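Notes follow once the structure below has been shown.
FYI, it's all coordinate maths here, none of it is from the lab. Computed from a predicted structure; not experimentally measured. Every residue, glycine among them, receives a Cβ derived from its backbone with ideal geometry; neighbour counts consider all protein chains shown.
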């Protein structure tokens, strides 16, 4: 009889053997096949004292970048649990039903060494080396096997040898205007210089650049393939003698420079043919099918061609851009046709446009996420006329409604603060700057003048119901490739509390400053925002946004000019007077070619009320915390300064605003699998008061307590990114609270559990 201990050991061994067998990833591999487990290493060895060009090294690594099963970030890193392979090895595919669906979602076909074909890849690398001037280079590979001979990774070894450089460059004979233009274009190239490394890709790009310049100088039919290179490596050891040449049998019409001849533009209706209405302009003939609604000056303003001018592809592209930006055409076709009867080489320009439907109705059902951590479903019903006055003017009416709840924890408790919002917005946008002709702007992009009217009703249950009306007149324009401007010439806002609760009234009675910021008032504003947004070849991103706004100063000045003293009113209601500024810098750096990014943000803002106001309106004050801020704390749970509402005060929400804000964020973003991405973040900052408020002790900005007042938190997050829509979940972990928690030291959170805050949001935080 077996002892109990021996029985247990035998049972454990049997279970272990079963699990090991069940976890096999090679049991069903065909005979002779080996499972590919990734790239063991890629070794690129140049001669001593030399470096391999970074672009060449990237090409080589890209050639061997074949992902194995359960690949993590790179072919060298894998998940420890190859679920897809386990399913493939041990499950039989169900014929139908939910089992078949589950199987299709989990199974993963094995990636084999024979699929990777390393012999073909080293041949590709040899060609890459030759194309980049490393004619003496050579690539090889070896399989690296472990305990299981049916699994192997691949080690690639590349010896580059010394690169061949350009030694001498011979241009075309200076005999024709075409040759002279080609030579001039070639000499402009930064690559065609003695000492440059021989590169087939660089030579191809030079050909393209030359052809593009010729096509902008009238040679419309000239192609890059008409330029050839003769390379000789025998004259100088380790160097290339290069000669530019023209291909044989180039068509005669490709060697001619053309002028612009007849320009004809046809504007077709979106349905049917119509009756042609023909009129002549200094930009050619326009044929407009009637009935239609279009200003006669609009189309000629978009045409960059001029009869008798040298033809340029650039003018063709500009015309396409200018017509497209109007947003009123569904089709735009531009063609250039040789005029065989002209005395000199001439191209006739035919432009055909078709109107889009003038009215566009939209229905949007979405989930919205706001900076104050409110998230919820919403619906937007919209109707847009895209050509109201015949000049591309857009008139739109939108009705929106949403129901929202707040995510995150608040003082260790769930923060459930539901609300609803409904609004009506009408907007009239002109695709030009009315009255701002002196402003420098890019013609390639559309610049707008906007007139907007809006009414909005916001309901915060248990506290208040507020109505807000505003009207604005603003400009949006781009004066360079990376710089956008927004000028709100006038924005008049009226806020009115329709209903308040006893709890809300008690808050206002206890704090005069908060009460003043909530009073019924007009807010007459002017604002300007400057934005610099640039993507540096998908490796770095930089966004700088500077904004300044003022309210009430013009009206205050008018009243003072007429000798009016005391509180000043507009339509019988006091108006606000303040200045507000904000600066934000967001910088992103890609850390690897596997789409790992480090993104950081610095935000500083300040607001100050004076003259006709003792407090900045509540809607214009700063707050901090939440899904798009310091994620270890819920919205409005921090500040101002070291002030902290009592734990039993559930309505401390309204106290925690300020007139100065500092926020610092950094986030490491990385892919996990498919559309699933991860993040690790660190957030810091707070808000302060620029005026002392006795009701909120510790809230004033002071140098001696500044650093102690900065809250700090970290955390991790998941993002589900499907390009058009990003769902984000962040778990924030508090490190330092600026208020007294009863604990000493920098880490002063009362407990780890109470320092956690979970946020669900839409879109990236910055």
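For the reader, a short list of remarks on this structure follows.
- Over the chain, dividing the summed -39,500 (n - 2.57) contributions of all DSSP H runs of at least 4 residues by the number of residues returns a 222 nm mean residue ellipticity of -5000 deg cm²/dmol.
- Cα centroid of the range 269-295 to Cα centroid of the range 458-508, whole Å: 44
- Overall Cα dimensions of the chain - principal axes, largest extent first, Å: 111, 92, 60
- Principal axis box of the range 549-629, alpha-carbon based, largest edge first, Å: 67, 24, 18
- The alpha carbon convex hull volume per residue for the range 118-206 rounds to 110 Å³.
- Remark: spin-label model distance residue 720-residue 506 equals 4.1 nm, labels positioned 7 Å along the Cα→Cβ axis.
- Sorted by Cβ density within 10 Å, fewest first, the residues 504, 571, 222: 571, 504, 222
- Pairwise Cα inverse-distance average, inverted: Kirkwood Rh of the range 168-301 (Å): 18.5
- Pairs of C-alpha atoms in the range 506-604 farther apart than 23 Å represent 54 percent of all such pairs.
- Scattering profile of the range 652-766 at q = 0.12, 0.13 Å⁻¹ [log10 I(q)/I(0), Debye over alpha-carbon scatterers]: -0.54, -0.62
- When you restrict to C-alpha pairs under 8 Å that are six or more residues apart and normalise by the size of the chain, the relative contact order lands at 6 percent.
- Quotient of Cα Rg and 2.2 N^0.38 Å for the range 593-693, N being how many residues it contains: 1.34
- The mean of 1/r over all distinct Cα pairs in the range 26-159, once inverted, gives the Kirkwood hydrodynamic radius of 16.6 Å.
- Sorted ascending by nearby beta carbons within 10 Å, beginning with the fewest, 119, 709 become 119, 709.
- Distance in nm between pseudo-label sites at residue 109 and residue 733 (7 Å out along the Cβ direction from Cα): 4.2
- Length added when fully stretched, residue 583-residue 440, from 0.36 nm per residue minus Cα-Cα: 49.1 nm
- If you take the Cα centroid of the range 657-733 and the Cα centroid of the range 34-105, the two points sit 36 Å apart.
- Full-extension gain in nm, residue 704 to residue 746, via 0.36 nm per residue minus C-alpha separation: 13.5 nm
- Compactness of the range 233-385, taken as the C-alpha radius of gyration over 2.2 N^0.38 Å, stands at 1.65.
- For residue 592 and residue 324, the difference between the fully extended length at 0.36 nm per residue and the C-alpha to C-alpha distance is 92.8 nm.
- Exposure proxy order (Cβ contacts within 10 Å, fewest to most) of 107, 43: 43, 107
- Calculated FRET efficiency for the pair residue 541/residue 335, C-beta based, R₀ 60 Å, to 0.05: 0.95
- For q = 0.14, 0.15, 0.16, 0.21 Å⁻¹, Debye-computed log10 I/I(0) when each Cα of the range 709-766 counts as one equal scatterer: -0.48, -0.53, -0.57, -0.78
- The calculated FRET efficiency for the pair residue 614 and residue 462, based on their C-beta separation and a Förster distance of 35 Å, comes to about 0.80.
- The equivalent ellipsoid of the range 359-762 has semi-axes of 33, 30, 22 Å, largest first, where each one is the square root of 5 times an eigenvalue of the Cα gyration tensor.
- Using a Förster distance of 60 Å, the FRET efficiency for residue 120-residue 560 (Cβ separation, nearest 0.05): 0.15
- For the range 249-333, radius of gyration divided by Kirkwood radius, i.e. Rg to Rh on alpha-carbons: 1.04
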